[in-house]
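Student: Attaching a single structure in structure tokens format; questions to follow.
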Amino acid sequence: MEKLKIGVLASGRGSNFEAVLNNIKAGKLNAEIKVVISNVSTAGALEIARVNGIEAVYLSKTNFGSQEQFDDELLKVLIDHEVNFVVLAGYLKMISAKVIRTFHNRMLNIHPALLPAFGGKGYYGKKVHEAVLNYGCKVSGVTVHLVNEEYDNGPPVLQRCVPVMENDTPESLAERVLKEEHKIFTDALILFAENKITIEGRKVKIKA
Ligand code: GRF
């Protein structure tokens, strides 16, 4: 069993990061969160990290001369903290090819819908759930996927359905989906920690 040394990237409140952290504390996942990085200085995720004694780093491209300089710094922070696995937990920026290559097949994102539906650029936060409701879907769900160079496009690792109710609002659907997010992210990480994942092209296979 491998101990995952996780670097978290998050832009917002950080409830997915917190759920993973709580599962580590509860002994469900053999991992350690080494650093939390955010492009938003006021992100809740940074505060949760600080409260838990985890290094919290604010890193925004706006403070760097070029994308390359930003990428080098991001990689430096991850490597300096001995990160061997990256978790995007509500990170709203694109990750560049260089960073993705460094953590090839070792970087996961969570998306609050069943990809490839309702994913890609512009589909984030409330907009995803609004689109699901406007389409009249009967189910939505969660996708945890490997990260490649396109938004929400990497191979799925786990997907789970969440029912849509007739009187749902984007908020009520988001809440139901979020409950599943808080379980599925850890479940996916456990598969990596237990070395149960093999990747063949776009197919992520799970050993029994
Ligand atoms: C989640 O819905 C996640 O699926 C999406 O962004 C949201 C982040 O929420 N990518 P939180 O910051 O983890 O609470």
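Read-outs throughout are calculated quantities, based only on the coordinates presented, and are distinct from any laboratory measurement. Note that the structure is a prediction, hence the values are computed from the model and not measured. Every residue, glycine as well, gets a Cβ built from its backbone with ideal geometry; the counts of neighbours run over all protein chains shown.
Student: Report, by chain and number, residues whose modeled amide H sits under 5 Å from the one on residue 158, excluding near sequence neighbours (fewer than 5 apart, same chain).
Tutor: Residues meeting the criterion, in which the H sits 1.01 Å from N, are 144.
Student: Still on this structure, I have one more. Give, to the nearest whole percent, the P(r) tail of the chain beyond 30 angstrom, counting all Cα pairs.
Tutor: That tail contains 18 percent of the Cα-Cα pairs.
Student: Moving on. What number in nm² do you get for the stretch 29-138 if you take the convex hull of its Cα atoms and divide its surface by four?
Tutor: Answer in nm², one decimal: 8.6.
Student: So, how do all the Cα-to-Cα distances of the stretch 85-203 break down into 10 Å bins, in percent, from 0 on up?
Tutor: So the P(r) values, bin by bin, are 14, 46, 31, 9, 0.
Student: Rounded to whole Hz and in sequence order, give me ³J(HN,Hα) for the stretch 196-202 from the Karplus expression 6.51 cos²θ - 1.76 cosθ + 1.60, θ = phi - 60°, writing x for Gly and Pro.
Tutor: 9, 9, 10, 10, 10, x, 8
Student: Karplus couplings for the stretch 55-71 from phi (6.51 cos²θ - 1.76 cosθ + 1.60, θ = phi - 60°), rounded to Hz, Gly and Pro as x?
Tutor: Computed from phi, the couplings for the stretch 55-71 are 4, 10, 10, 8, 9, 10, 4, 4, 8, 10, x, 8, 4, 5, 5, 4, 4 Hz.
Student: Give the lysines reachable from residue 98 as a straight Cα distance under 19 Å; neighbours fewer than 8 places away on the same chain don't count.
Tutor: 61, 76
Student: Can you give me the long-range amide H partners of residue 14? Hydrogens built in the peptide plane at 1.01 Å from N, cutoff under 5 Å, separation of 5 or more residues or another chain.
Tutor: Correct list: 45.
Student: Now for a separate question. Counting alpha carbon pairs within less than 8 Å and at least 6 residues apart, what relative contact order, in whole percent, applies to the chain?
Tutor: 20
Student: Related question: In nm, to one decimal, how far is the modelled label at residue 206 from the one at residue 183, with both set 7 Å along Cα→Cβ?
Tutor: For residue 206 paired with residue 183, the spin-label model returns 1.2 nm.
Student: Straight distance only, please: which aspartates and glutamates reach the Cα of residue 93 with their own Cα at less than 17 Å, same-chain residues fewer than 8 apart left out?
Tutor: Of all the aspartates and glutamates, those that pass the test against residue 93 - Cα under 17 Å, at least 8 places apart if same chain - are 68, 71, 72, 73, 149, 150, 152.
Student: For the chain, give the share of DSSP beta bridges that are antiparallel, in percent and rounded to the nearest 5; count only bridges with both residues there.
Tutor: If I count the DSSP bridges inside the chain, around 45 percent turn out antiparallel.
Student: If you don't mind, another one. Tell me what the chain gives for mean residue ellipticity at 222 nm when only DSSP H runs of n ≥ 4 count, each as -39,500 (n - 2.57), the sum divided by the residue total, rounded to 500 deg cm²/dmol.
Tutor: The helix contribution divided over the chain gives -11000 deg cm²/dmol.
Student: In addition: Any idea how far the Cα center of the stretch 101-162 sits from the one of the stretch 30-92, in Å?
Tutor: Cα centroid of the stretch 101-162 versus Cα centroid of the stretch 30-92: 21 Å apart.
Student: Starting from the amide H of residue 35, placed 1.01 Å from N in the peptide plane, find each other amide H under 5 Å away whose residue is 5 or more places distant or on another chain.
Tutor: 8
Student: May I ask you to list the trypsin sites (Lys or Arg not before Pro) in the stretch 102-186 that are in a DSSP loop and have at most 11 other Cβ atoms within 10 Å of their Cβ?
Tutor: Those satisfying the criteria are 121, 138.
Student: Quick one: 3J(HN,Hα) in Hz for the stretch 91-98, Karplus 6.51/-1.76/1.60 with θ = phi - 60°, rounded, Gly and Pro as x.
Tutor: Using θ = phi - 60°, the values come out as 9, 9, 10, 6, 9, 7, 4, 4 Hz.
Student: Just name one of 124, 137, 111: the one whose Cα is farthest towards the positive end of the charge dipole of the stretch 111-157 (beta-carbon charges, Lys/Arg +1, Asp/Glu -1).
Tutor: Farthest towards the positive end: 137.
Student: Taking 0.36 nm per intervening residue step and subtracting the Cα-Cα distance, what contour gain separates residue 98 from residue 2 on full extension?
Tutor: 32.1 nm
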